[in-house]
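These notes are about the structure you will find just below.
The values are calculated or read from the model by the stated rules, or taken from the named source; none is laboratory data. Quantities reported herein were computed from a predicted structural model and do not represent experimental measurements. Note: ideal-geometry Cβ built from the backbone for every residue, glycine included; neighbour counts use all protein chains shown.
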Number of protein chains: 2
Amino acid sequence: MNRPIGIFDSGVGGLTVAAAIRKFLPNESFVYFGDTKHSPYGDKSDETIRNYSEEITRFLISQNCKAIVIACNTASALAYNYLVENHPDIPIINVVDPVVAHVGSKINNKVGIIATRATTKSDIYRKKLRRLNPKLHVAAAATPLLVTIVEEGFVNTKVSAGAIEAYLGVKKFSDVTTVILGCTHFPLLQKEIESFFGGRAEVVDSPELVAHHLKLQLQKAGLLSQETEANYHFYVSEKTDAFARTAKMFFGADIKLEEKTLRVNGF
Amino acid sequence: MNRPIGIFDSGVGGLTVAAAIRKFLPNESFVYFGDTKHSPYGDKSDETIRNYSEEITRFLISQNCKAIVIACNTASALAYNYLVENHPDIPIINVVDPVVAHVGSKINNKVGIIATRATTKSDIYRKKLRRLNPKLHVAAAATPLLVTIVEEGFVNTKVSAGAIEAYLGVKKFSDVTTVILGCTHFPLLQKEIESFFGGRAEVVDSPELVAHHLKLQLQKAGLLSQETEANYHFYVSEKTDAFARTAKMFFGADIKLEEKTLRVNGF
């Protein structure tokens, strides 16, 4: 099978997931869509996020994609069920379930979750973790400033250190054994957050878990690529300086952007 | 005259201007429009920002507004001329010109400007300052993280201190005598930035200058209110938690939000 995987996010964050897919599924091609025109999704309404996600999914399917990866925690929380219902014939992967499966099975876990305000408000991680393991201790915090800190290149500075301390140096996080980075920007802060906890907590690598989960799903559906070369396409709903500037930092390699206007009102 | 003033911004920032208008023109009513659905404008294209600004201006005129204040530096830079051309019969004020008039006349000024990336890229302050005073020494920097620091309530913390130091503790700003806060969020950082410069630089209070300029324009046009009571209406294109949460911090008083959908594609 030579059909690409469709990956989407509100912006650049999902490129950390795309990078993990490139690393762990090197034979798979993909089409990435960053909805830069409407980024960030974090403060949009549920309905708006569902509409944008639906329109992007239709676009990716029109590009002959064989599976869809929702590489955005906010859209995973608010649009996943809606998309699965609308598109029962294509595997759709979100970034929450693989992490929940990995973390939720460990009996003595005390789990800390940091995410955007919208993902935190959706309570998606806590709900899914508790469904798997009702005894799990879960603490969650919205840490929106960390998103901008990553996008603006303030990783490994006094600024990131100060924000991590302010957000994570609070009582409810003091005894966590696992930290879930519930935003696709946060893998870039993984080492700093690990250092902050001084080795006492596992900081979960979500993109890697998502890539492995995707591999299993493709295997199960007989959709794994038989090719030895992969092609990547990167579409954005609006070409922005921000995307061009930060894409390399998130993806770990140069990328060539294409602009794509979708049809719905709002695009 | 009892007609309101129309004020708009991409979000909450313009409320610092609204607050100054309330303080210095207490008899004036206003209608505020925060385009939260498309916030932030900083990374949008020029054309997109002009279209949004035009649609908002039409809405404010439909609300019987007697003057328009573009309380957003990005829209002031990219949409002001376009709006003036389209609406020659109504006074339109931007947030750049009053500051340029105040700063540009001082002969020995070395001016530092901090702003969003879009405003910095437009080079609007430097261009207008140089037109007024070709010998002026001007240094500018985009400081986008400061916007989020203010919105997320990290004013007066290690985080704001670290970011101010990283952005302003550089050679080109070392000998500035005046600092222009070229973003309507930054008045909330005014004291910290004054402290950073240890009294060596005047940090200009833009909202106050804009309010005084507006007063002069209304006087000139015979449009000053004769009422003793003022009414305020606050519209947003999408009700967001972010706006509700931070509005009070920017405006300095409680406000009641109304949602308003405009007609253009994209609203």
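For this structure, a couple of remarks:
- Residue within the range B:191-212 that is in a loop (DSSP other than H, G, I, E, B), within 28 Å of residue B:111 (Cβ to Cβ) and of a type in the set (S, T, N, Q) present: no
- Checked across the range A:11-32, the condition of being within 12 Å of chain B (Cβ to nearest Cβ) and either surrounded by fewer than 24 Cβ atoms within 10 Å (Cβ to Cβ) or part of a helix (DSSP H, G or I) (or both) holds for no residue.
- Cβ-Cβ distances below 9 Å connect the following pairs, each with a first residue in the range B:148-165 that is more than 9 Å from every other protein chain (Cβ to nearest Cβ), a second residue that is assigned to a helix (DSSP H, G or I) and of a type in the set (Asp, Glu), and a separation of six or more residues or different chains: B:155/B:192; B:156/B:192; B:164/B:192.
- Within this structure, residue B:122 passes the test of being crowded, with 19+ Cβ neighbours inside 10 Å and at pLDDT below 95.
- Per-region count, the range A:169-202, residues surrounded by fewer than 23 Cβ atoms within 10 Å (Cβ to Cβ) and within 20 Å of residue B:153 (Cβ to Cβ): 5
- In the range B:214-267, the residues that are within 14 Å of chain A (Cβ to nearest Cβ), in a loop (DSSP other than H, G, I, E, B) and closer than 27 Å to residue B:154 by Cα: B:237, B:238, B:239, B:240
- Single condition residue A:54 does not satisfy, out of (1) at pLDDT below 95; (2) not assigned by TED's automatic domain parsing to the domain that holds residue A:194: (1)
- Here the condition is being surrounded by fewer than 16 Cβ atoms within 10 Å (Cβ to Cβ) and either of a type in the set (A, V, I, L, M, F, W, C) or at pLDDT below 95 (or both); of A:240, A:261, it holds for A:261 alone.
- In the range B:41-76, the residues that are in a helix (DSSP H, G or I), within 12 Å of the chain's Cα centre (by Cα) and of a type outside the set (A, V, I, L, M): B:73, B:74, B:76
- Residue within the range A:124-141 that is within 10 Å of another protein chain (Cβ to nearest Cβ) and either under 20 Å from residue A:16 (Cβ atoms) or of a type in the set (D, E, K, R) (or both) present: no
- Residue match in the range A:209-232 (condition: surrounded by fewer than 17 Cβ atoms within 10 Å (Cβ to Cβ), touching a Ser or Thr at 6+ places or on another chain (Cβ under 6 Å), farther than 16 Å from residue A:100 by Cβ and in the same structural domain as residue A:66 (by TED's automatic domain parsing)): yes
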